[in-house]
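Step one of this worksheet: look at the structure below.
The values are calculated or read from the model by the stated rules, or taken from the named source; none is laboratory data. Keep in mind it's a predicted model, so treat the numbers as computed, not measured. Here the Cβ positions follow ideal geometry from the backbone for every residue, glycine too, while neighbour counts run over all protein chains shown. Only protein heavy atoms, including side chains, enter the accessible area calculation; ligands, DNA and RNA are left aside. Shrake-Rupley method; radii C 1.70, N 1.55, O 1.52, S 1.80 Å.
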Amino acid sequence: MSFFGNIIWLIFGGFLSGMLYMLSGLILCITILGIPFGVQAMKLGVATLTPFGKILKSSENTGFFKLIFDILWLIFFGWEIALSHLLFGALLFVTILGIPFAYQHF
């Protein structure tokens, strides 16, 4: 079932979403300070391409620098990504077939 879910997801917005993560990751890797953000964006892009059947584990790193980087990520890049997922979720919700996939976004 996860195979068919991934195929439908790729057709209805998953491919574009994953490619946007990859492109933003490459752009972020241009600067020295952006490399950690770029690497994480590319990891998210790979996870976005096939979300069904994946298990994501969070790291145990909870230091001060992680908090600073998380805040910078949210201010400069996170809100755009959240809006793109909201848009794709809304577009999927319009179709009967896309409703289960839209709930994965919200």
Quick one: work out Rg over Rh on the C-alpha atoms of the stretch 1-67, Rh as Kirkwood radius.
1.07
Karplus-derived 3J(HN,Hα) from phi for the stretch 63-72 (6.51 cos²θ - 1.76 cosθ + 1.60, θ = phi - 60°), whole Hz, x at Gly and Pro, runs x, 5, 5, 5, 4, 4, 5, 5, 5, 4
Sketch the reach of a paramagnetic label on residue 84 as a point 7 Å from Cα along Cα-to-Cβ, and name the residues of the stretch 12-35 whose backbone nitrogen lies under 13 Å away.
13-28
For the pair residue 76/residue 60, report the inter-label distance in nm, with labels modelled 7 Å from Cα in the Cβ direction.
3.0
Rounded to the nearest 10 Å², the accessible area of residue 39 at probe 1.4 Å:
60
From the phi angles alone, apply the Karplus equation (6.51, -1.76, 1.60; θ = phi - 60°) to the stretch 5-12 and give each ³J(HN,Hα) in whole Hz, x where the residue is Gly or Pro.
x, 5, 5, 5, 4, 5, 5, 9
